[in-house]
Amino acid sequence: MVMVQAIDVSLNHFSGEILGALASCTNLQYLNLSWNAFEGSIPTSLTILKNLEDIDLSKNNLSGTIPIDFKDMKILQHINLSSNRLIGEVPEGGFFTRLDESTLMGNLGPCGKWIKLQPCSYSKYKQLSVSRKVIVPLLIGITIFIMSFLLLVVFFRRRHTSPTAPDLALNLGATRISYAELVDATHGFSHTNLLGIGIFGSVYRGILNNGRNIAVKVLNLQADNAHQSFSRECNVLKRVRHHNVIKIISVCSNIDFKALILPFISNGSLERWLYPREEEECKLNLNNKLRLATEITHGMTYLHHHCFVQVIHSDLKPSNVLLGDDMTTYIADFGISKLLVVNSMDSLTSTNALKGSTGYIAPEYGLGGMLSTKGDVYSYVILLLELLTRRRPKDDMFFEGMNLQKW
């Protein structure tokens, strides 16, 4: 455990208290326990981990106050404690001088003067602790009664309503978007709003009530490994923070509907620019191509070497590179990507189950080679050749052993 540098058990159903034994992972740099059901207080022992750079404890049931010793963690760069049941004074000084309000959003009552919170009232919390002995048993009884009633209501409603009318929105950030809003934004997921269809689903353009343009990636639940693809993409996009990698706005998910809400990128994919319709000409000049190649390099370098958890894209190609208004490049579509924990056996995953797009897959993957960043490098080289020559890897002109590399 001493050599472990990253722990990520997010998006599971773990419960109970966070183990203080995590303090034995003295080299730990990244800890993500979000989207679980952990309860109890935040262990003070976590403050012993002096190499810890990123902590995400959001979307749990943690209670109590924030350990004051967190302010003395010199290397700590990011912490997310949102959507818990935390109360009390936020520590002053150190890392906490750089916090913003979203870090603690959705808690019961944190207070303090370093961020936009209400001033602390100590008498309030003292009174609360006394009255709790009387109120809590009463609330438990009322809660059990209400929950029983609601379960009966849900049971009878499901018997008389269609199972395909989801209205549950789960958000990865401060933005919350419901299924009803998505239906309205995309005109009922109409064909005129359809941007494209992929292996795992369809992408629609939408406009929210506030005027924001979005792209809604709706999962095809009937596709093989669709749920795994959705989980992978959520896992990647909620971690990345780079101007050349697509960002996630929110996610809408329940048992029979899953969708990612992404920014709408106005100029479409690089593939569209490389291969315009017959009546159009390619508008990419050499300077454009050099800039695009450079920005793709920056994005992939971040994913491979500077992200908190190493990301292997596994499907880098022109259709998965988007271009913004000012021709800024955005790497997108992480449906078959993989997160690798440094010094973990996970980095030795075999690629017997071949994934990716024909022409862009590294040859060693076809022989069951081990998954690595070298596979992305191979795809990147093919993409560069395609960018310069405007020839697809499987162009009709290639036959009898000829390919883009040899040509």
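For this structure, a couple of remarks:
Every residue, every condition in (1) of a type in the set (A, V, I, L, M, F, W, C); (2) under 25 Å from residue 235 (Cα atoms); (3) without any contact (Cβ under 8 Å) to a residue 24 or more places away in the chain, yes or no:
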{"residue": "60", "(1), (2), (3)": "no, yes, no"}
{"residue": "66", "(1), (2), (3)": "yes, no, no"}
{"residue": "69", "(1), (2), (3)": "no, no, no"}
{"residue": "77", "(1), (2), (3)": "no, yes, no"}
{"residue": "81", "(1), (2), (3)": "yes, yes, no"}
{"residue": "89", "(1), (2), (3)": "no, no, no"}
{"residue": "95", "(1), (2), (3)": "yes, no, no"}
{"residue": "99", "(1), (2), (3)": "yes, yes, yes"}
{"residue": "105", "(1), (2), (3)": "yes, yes, no"}
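- Restricting segment 186-215 to residues that are modelled with pLDDT under 90 and β-branched (Val, Ile, Thr), the residue that is nearest to residue 263 (Cα to Cα): 197
- Flag if residue 131 is in a helix (DSSP H, G or I) and modelled with pLDDT under 65: yes
- Members of segment 322-346 found to be over 20 Å from residue 259 (Cα atoms) and either part of a strand (DSSP E or B) or modelled with pLDDT of 60 or more (or both), listed by number: 323, 324, 325, 326, 327, 328, 329, 339, 340
- Selection count where residues are within 22 Å of residue 196 (Cβ to Cβ) and either surrounded by fewer than 23 Cβ atoms within 10 Å (Cβ to Cβ) or modelled with pLDDT of 90 or more (or both), scope segment 292-313: 4
- Selection from segment 191-211 of residues that are assigned to a loop (DSSP other than H, G, I, E, B) and either of a type in the set (Phe, Trp, Tyr) or within 22 Å of residue 226 (Cβ to Cβ) (or both): 198, 199, 200
- Hits in segment 179-190 (condition: part of a loop (DSSP other than H, G, I, E, B) and surrounded by 14 or more Cβ atoms within 10 Å (Cβ to Cβ)): 186, 187, 189
- One residue alone among 258, 289 is of a type in the set (Lys, Arg), assigned by TED's automatic domain parsing to the domain that holds residue 361 and either surrounded by fewer than 16 Cβ atoms within 10 Å (Cβ to Cβ) or not in a loop (DSSP other than H, G, I, E, B) (or both), and that residue is 289.
- Unique residue being among the hydrophobic types (A, V, I, L, M, F, W, C), without any contact (Cβ under 8 Å) to a residue 60 or more places away in the chain, under 18 Å from residue 322 (Cβ atoms) and not assigned by TED's automatic domain parsing to the domain that holds residue 308 when the list is 236, 218, 245, 240: 218
- Within segment 213-230, the set of residues being surrounded by fewer than 15 Cβ atoms within 10 Å (Cβ to Cβ) and within 18 Å of residue 248 (Cβ to Cβ) comprises 213, 227, 228.
The values are calculated or read from the model by the stated rules, or taken from the named source; none is laboratory data. Please read these numbers as outputs of a predicted model, since none were measured by experiment. All Cβ positions, even for glycine, are placed from backbone atoms using ideal geometry, and neighbour counts span all protein chains on display.
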